[in-house]
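Taking it in order: structure first as structure tokens, then the write-up.
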There are 2 protein chains.
Amino acid sequence: MKKGLQLACIFVLCFGNIMAQQLTSPDKKFVLVFALQGDGTPVYQLDYNGKQVVKPSKLGFVLKGDKQSLLNQFTVVDQKQSTFDESWNPVWGEVKTIRNHYNELAVTLSQKESNRKMLIRFRLFNDGLGFRYEFPQQKELAYFVIKEERTQFAMTGNHTAYWIPGDYDTQEYDFTTSKLSEIRELMKKSITDNLAQTSFSPTGVQTSLMMKSSDGIYINLHEAALINYSCMHLNLDDKNMVFESWLTPDAKGDKGYMQAPCTTPWRTVIVSSDARDILASKMIYNLNEPNKIKDPGWIKPVKYVGVWWEMITGKSSWSYTNEYPSVQLGVTDFTKAKPSGTHGATNANVKKYIDFAAKHGFDAVLVEGWNIGWEDWFGNSKDYVFDFVTPYPDFNVQELRDYAKAKGVRIIMHHETSGSVRNYERHLDTAYRFMKQNGYNAVKSGYVGPILPRGETHYSQWIVNHYQYAIEKAADYQIMVNAHEAVRPTGIARTYPNLIGNESARGTEYQAFGGSKANHVTLLPFTRLLGGPMDYTPGIFEMDLSKLNPANKSHVNSTLANQLALYVTMYSPLQMAADLPENYDRFPDAFQFIKDVAIDWDDSKYLEAEPGEYITVARKAKGKDEWYLGSVNGYSKRTSKISFDFLDKGTTYIATIYADAKDADFKSNPQAYVIRKVLVKNTSKLQQLCAPGGGYAISLMVAGKGATKGSKSL
Amino acid sequence: MKKGLQLACIFVLCFGNIMAQQLTSPDKKFVLVFALQGDGTPVYQLDYNGKQVVKPSKLGFVLKGDKQSLLNQFTVVDQKQSTFDESWNPVWGEVKTIRNHYNELAVTLSQKESNRKMLIRFRLFNDGLGFRYEFPQQKELAYFVIKEERTQFAMTGNHTAYWIPGDYDTQEYDFTTSKLSEIRELMKKSITDNLAQTSFSPTGVQTSLMMKSSDGIYINLHEAALINYSCMHLNLDDKNMVFESWLTPDAKGDKGYMQAPCTTPWRTVIVSSDARDILASKMIYNLNEPNKIKDPGWIKPVKYVGVWWEMITGKSSWSYTNEYPSVQLGVTDFTKAKPSGTHGATNANVKKYIDFAAKHGFDAVLVEGWNIGWEDWFGNSKDYVFDFVTPYPDFNVQELRDYAKAKGVRIIMHHETSGSVRNYERHLDTAYRFMKQNGYNAVKSGYVGPILPRGETHYSQWIVNHYQYAIEKAADYQIMVNAHEAVRPTGIARTYPNLIGNESARGTEYQAFGGSKANHVTLLPFTRLLGGPMDYTPGIFEMDLSKLNPANKSHVNSTLANQLALYVTMYSPLQMAADLPENYDRFPDAFQFIKDVAIDWDDSKYLEAEPGEYITVARKAKGKDEWYLGSVNGYSKRTSKISFDFLDKGTTYIATIYADAKDADFKSNPQAYVIRKVLVKNTSKLQQLCAPGGGYAISLMVAGKGATKGSKSL
């Protein structure tokens, strides 16, 4: 193939090396070249549609106490190419079937003198590249400690990046959009306050990192299958525009304890000239192992409400009493404590939520603040902070269990750990057993604040190992997990689909902590969501939070229509209607969309997409001839133009369109929405105005089932 | 009281302060004076028989991020004196009843400006002083982090000390005997190799620290009730001969995370002009909380043999195969591995030990190396190193369980953790359940090598907390614990008597690793044993270890008679006969003492004692009119002179005396012993020659039950 040859020649010229291996993607759009430099340093390069997207980039490791390390002096001792093409059906997801189709190059390297073997496995998909390091069993390399992973991603120019600051403890930042060269000057401003945070470099950013080149190529860097390894950040050499992997260190500053045979996670480069392809990419999932949970019938998507937003906004409290400067589990007698009167998780309030959930068809009610320990749970580096089984005196586990069951609603368990990971592990079996005994089948876990054991961080290998431990143990108990403040997902939900959600990004709660950027939700699907669903907790109808709590001056930077659209644009099998029941009661027509919208899908069509600007997606409900469509908009007023050509030919649908009113604005007029019903076919087109921070949502039901009378055609 | 007044006056002169509080011991021999210096610094002083033993010494803490700390600016806001006198019966012990008799002074201090309260509680016994810091619940001080504890022990002169190097990871050192002023120059030489060690100061030593003043006063510094606090070392200001507490730091260098209400462990000063009183002191136990285990009938002293010494000497191995550079639990298939042929814990070998135990009346057989993971268990910082439930293919759990049960013998479980503490905690419930299911009621746990989580050490608060967790959880399962490489005991076995043993010092195994000092066993009872029993594993009959393993050139620095004496001098409810069955078969007459000797006692009489030189003790077997006597000797040949006046008047006993032969010597002629039988009464006296590194043992049975014929009177 002429083009391939030409590329290889360029490569040889660059490196003065004739050992180049070349791999093309199934659709031939991508070409990966692997080579060794003259000193035996492994390098790779990625081309897309005949143009470089990753310039020659080095691969390797600095090892602790090992002068030679795994950086150079390698020779190729074996190389194998192969093709893989298989489809699989996720337990839940955006689509019914996912195709896993790639060409693979596996290069086995041997290092001079040390005779150590290292294999680099490249998989080239039609949507991009994944590669990882593998260390086969060998007597020359059994145990080793990684000081630095030196994987480079050399960019071809000063791209626009949509980035959040690199941090060992949090991803809960707003995105900054800037040129790569501007990251350094914007870093300080981008590091906003968080309850736990540890930044490390003025040009360090997190993955998944979204970029756009000046010639309109979209590039996403992330990782897949992060298992028992530390979370990778990217540090930019902003003179040469070369990113290098920056692993999260442990308490001693080491970055990885390895035992061969073992592998690193996959390093991923998703590329397209069409931003919609980035959103639709399933490459991260494909690079994970298949489902390990046999008979996963107990894993079911969940739409829920919760005793939560009232605490987040400060209207009520997680804690029960203000009487003590600190409390000790097993010592403090809460039955003798004077209640503060602000406790949210009371029997009466939880029943109110259960009633609301039952009335409106929600599956479950999340209840936070039900268990003792919230009086001094944060900021004290407290080891034994929660026991996960002892309720406050005004929360009756059995009574509420029975009440919920009678109403056909589940209560979602809440395990806040306060970052005290050892304590959580000590109680995990007991806590999960308690859940099973009391009818809970899902848990929201939280890791707010600095990690214990002290010296570890949220993203170090030691703690990444913990999150996985908790997921796998939950699977043993048939429990679904929604882990907040855990490491950002990397497609592990393919292997453990009981991981139905993560936070691991700036969620809706920040709208109550001063607000998030109005275009935040046009970036999350390009970044955070590539690794797995987010429990973003949309559905806020009252944007002026002082109406809930006079002391809270925050404003939710979103229109109400935008909030509805999120149920479609922010794919998740776990979706909350986060606002208070009384706020939904004020807007029953808009609330209808939240009640109707599906949470599991047979198909998804990305119709419009530009990071930071807009995303429009249509999804077909699982097993039904119903579609839901969501569109979120950034800061500029915009008209979305879509076609319904994804619909079945010949079927007429009733479209209920929940859109921004003409004068809507996320800041000045967020609750201005209009709802209209129209008939649409697959030939229909729509031009829909979107307010700043706005958007629209559409439900599409097959006509003839009623309510068509009076509807106009689009 | 004139003397007290005089002391107080001296004190006032020293400190220019009139706020002195004075406390005397029940027998009036001790006087404790507490005062505040002019700047509000708390100080104490201890006098014994009218002479200072602790000069005015400061008390306090440096707190993290707190400029004022808890060092000075205190005023006394309350002081209470009280008396306590109560006797209690230990579940097992050296004596049937322990008297807990003290006078107490509780001084409540308040700090200017901060208004923080700190209480210092002094308890003055007839054998010495215990004191601790207490932090009552208060809004001014809820959570705080200790950077340094500044508790001083100001010595009155350049005492002789019997010390081991301060270390965050091990106490497995030989003792050095030197003047305090010589510690610095001898430190380097005293730090011998260990599998995990972290020294911290050229004048840092460990507790319990034994000293002797030039005027013949014996002083011991230690701590009691070390719970959820870091282990205290002592750092010497060798110009002024002032020791200061040196806590073990965590991974971040912090030394204590505290939540009020809380207390520190007790700091202890045991003092006497008679060395025997130090050995007989029960002050450390008295400062611990009473037994918390209800119905402790399942806790029983254990005399055992084990598949152990053969591995320690290198005659056999813990591991099963040499085939792999490393193994992975759940991945490596041991049934397909080629056995090395040296594995010790085989069905056949274990049965041999069970047979031997049954034949000779031992309660149990310890089996190490039974479970998979020993191929790469050490030195790899391996997280998932053992699962504690999966045997090697040649060890059949059920078969051996049934075999042992049929013979009336228990198998003792072995849980080596390799210092991988999180991994152990993750498996603890499963491991304990496995034990109960398979008839095990006792576990030897081990913490060899550097600790995981990395950055923590064997004696940091985080890991001290773990040891306690393991003990308490074992109690829930009615399991007895013998923890090796854990923090040295501080009397916690009073509260949790299922802690039937610890290593936490240089045990017999070092005789196979090059040898220990011949007077080591004359020091352990003055130091390590004050906090609780040690699983010292005595009973070695073959001192030339090359006879077990030609590659092992070690010599056991002890005579055979000395080895017998250890069963009495090294008090423990858990006693091993550590040598191989075939070595006991060679010396059946000497072995008879090991078979006869009791392991639980109604009374103990310390007859002779001098640290580093000799210890002679007689003990009355629990519930029986039998006495056993042991005497261990240091480097100098010596004649022990004892009276049997502790025996009941009018009863004649047959004494079987197992003594060094005249030409015995720990180095040149260790197996030269003589056994003779004589009749003794309470008027009898004995002069018994002890070889260098030697000693003798005596069993005393009431005459008339046979075997008296031909016995001479002493």
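Placing pseudo-labels 7 Å out from each Cα toward the beta carbon at A:D85 and B:W298 gives an inter-label distance of 6.3 nm. Each other copy places its own label point for B:Q68 at 6.1 nm from this one, sorted shortest first, where the point lies 7 Å along the Cα-to-beta carbon line. The interface between chain B and chain A buries about 3200 Å² of solvent-accessible area in total (1.4 Å probe, ligands and nucleic acids excluded). Inter-chain neighbour count for B:260-267: the average number of beta-carbon atoms from partner chains within 10 Å of each residue's beta-carbon is 1. Each residue of the range B:516-714 gets 114 Å³ once the volume of the Cα convex hull is shared out per residue. Once the partner protein chains are put back, the range B:409-444 shows a loss of at least 50 square angstrom of accessible area, versus the chain by itself, at B:R422, B:R426 (probe 1.4 Å, ligands and nucleic acids excluded). Think of it as helices only: each DSSP H run of n ≥ 4 in chain A is worth -39500 (n - 2.57), and spread over all residues that comes to -5000 deg cm²/dmol at 222 nm. For B:K28, inter-copy separations between label points set 7 Å beyond Cα along the Cβ vector come to 10.9 nm, shortest first. For the protein assembly as shown, list log₁₀ I(q)/I(0) at each q in 0.08, 0.09 Å⁻¹, using the Debye formula over Cα point scatterers of equal strength and ignoring solvent, two decimals each. Treating every Cα as an identical point scatterer, log10 I(q)/I(0) equals -1.05, -1.23. Helices that extend 18 Å or more along their long axis by alpha-carbon positions and average at least -0.5 on the Kyte-Doolittle scale are, among the DSSP H runs of chain A, A:2-15. If R₀ is 60 angstrom, what is the calculated FRET efficiency for the pair B:V674 and B:N49, using the beta carbon separation as r and rounding to 0.05? For B:V674 and B:N49, the calculated efficiency is 0.90. Partner shielding of B:270-278 amounts to 0, given as the average count of beta-carbon atoms from other chains within 10 Å of each residue beta-carbon.
Relative contact order of the range B:291-384: 41 percent, from C-alpha pairs under 8 Å at least 6 residues apart in sequence.
Roughly what % of DSSP beta bridges within the protein assembly as shown run antiparallel, to the nearest 5? Could you put the intermediate results ahead of the total?
Working: 276 of 332 bridges.
If we restrict to bridges inside the protein assembly as shown, about 85 percent are antiparallel.
Taking every residue in A:626-636 and counting other chain Cβ atoms within 10 Å of its Cβ, the average works out to 0. Across the accessible surface of the range A:304-450, with the other protein chains kept in place and a 1.4 Å probe, carbon and sulfur atoms take up 50 percent. Across the options A:A483, A:V350, A:F362, the greatest Cα extent toward the positive end of the charge dipole of the range A:299-504 (unit charges at beta carbon of Lys, Arg, Asp, Glu) belongs to A:F362.
Each Lys and Arg Cβ is given +1 and each Asp and Glu Cβ -1; about its Cα centre, the range A:522-649 then shows a dipole of about 260 debye. Note on A:K252: aspartates and glutamates with a C-alpha under 19 Å away, same-chain residues under 8 apart excluded, are A:D66, A:E148, A:E149, A:D167, A:D169, A:E456, B:D167, B:D169, B:D250, B:D254, B:D383, B:E456. Of the accessible area of the range A:549-703, computed with a 1.4 Å probe over protein heavy atoms only, carbon and sulfur atoms account for 49 percent.
Of all DSSP beta bridges confined to the range B:299-504, the antiparallel ones make up roughly 10%.
Placing unit charges on the Cβ atoms only, positive for Lys and Arg and negative for Asp and Glu, gives the range B:327-463 a dipole magnitude near 360 debye about its Cα centre. Entry comment: accessible area of chain A is 34 Å² per residue, from protein heavy atoms only and a probe of 1.4 Å. Taking a quarter of the surface of the Cα convex hull of chain A gives a mean projected area of 30.9 nm². In this Cβ point-charge picture (+1 for Lys and Arg, -1 for Asp and Glu), the range A:60-130 has a dipole of about 300 debye about its Cα centre. Each copy carries a label point for B:S214 at 7 Å from Cα along the beta-carbon vector; from one copy to the others these points are 8.5 nm apart, nearest first. Give the cross-link partners of B:K239 among the lysines, using a straight C-alpha distance below 27 Å as the criterion and excluding same-chain residues fewer than 8 apart. Output for B:K239: B:K51, B:K55, B:K58, B:K147, B:K179, B:K188, B:K189, B:K212, B:K255. Highest mean first, the peptides A:417-425, B:327-335 sorted by other C-beta atoms within 10 Å per residue fall in the order A:417-425, B:327-335.
Of B:H159, B:H233, B:S199, which is farthest towards the positive pole of the range B:150-241's charge dipole, taken about the Cα centre with +1 and -1 on the beta-carbons of Lys, Arg and Asp, Glu respectively? It is B:H159, whose Cα lies furthest towards the positive end.
Residues of the range A:514-535 with an amide N closer than 17 Å to a point placed 7 Å from the Cα of A:L195 along the Cα-to-Cβ direction: A:514-515, A:535. The contact residues of the range A:368-382, meaning those that lose at least 30 Å² of 1.4 Å-probe accessible area when all protein chains sit together rather than their chain alone, are A:N380.
Residues whose amide H falls under 5 Å from that of A:H343, counting only those 5 or more places apart or on a different chain, are A:S317, with hydrogens built in the peptide plane.
In terms of Cα atoms, the Rg and Dmax of the range B:2-286 work out to 18.6, 56 Å. With all pairs of separate Cα atoms included, the range B:387-501 yields a Kirkwood hydrodynamic radius of 14.7 Å.
Taking 20 Å as the straight-line reach from the Cα of A:K685, the lysines in range (excluding those fewer than 8 positions away in the same chain) are A:K605, A:K620, A:K637, A:K641, A:K649, A:K662, A:K677, A:K712. Overall, the ratio between the Cα radius of gyration of the range B:231-341 and 2.2 N^0.38 Å, rounded to two decimals, is 1.83.
In the range A:445-479, burial by the other protein chains removes 40 Å² or more of 1.4 Å probe accessible surface, compared with the chain on its own, from A:P453, A:R454, A:W462, A:N465, A:Y469.
The values are calculated or read from the model by the stated rules, or taken from the named source; none is laboratory data. Treat the numbers as computed from the prediction; the structure is a model and nothing was measured. Because the Cβ atoms are built from the backbone with ideal geometry, glycine has one as well, and the counts that use them run over all protein chains shown. Each accessible area value is taken on the protein alone, full model and side chains, heavy atoms only, with ligands, DNA and RNA left out. Shrake-Rupley method; radii C 1.70, N 1.55, O 1.52, S 1.80 Å.
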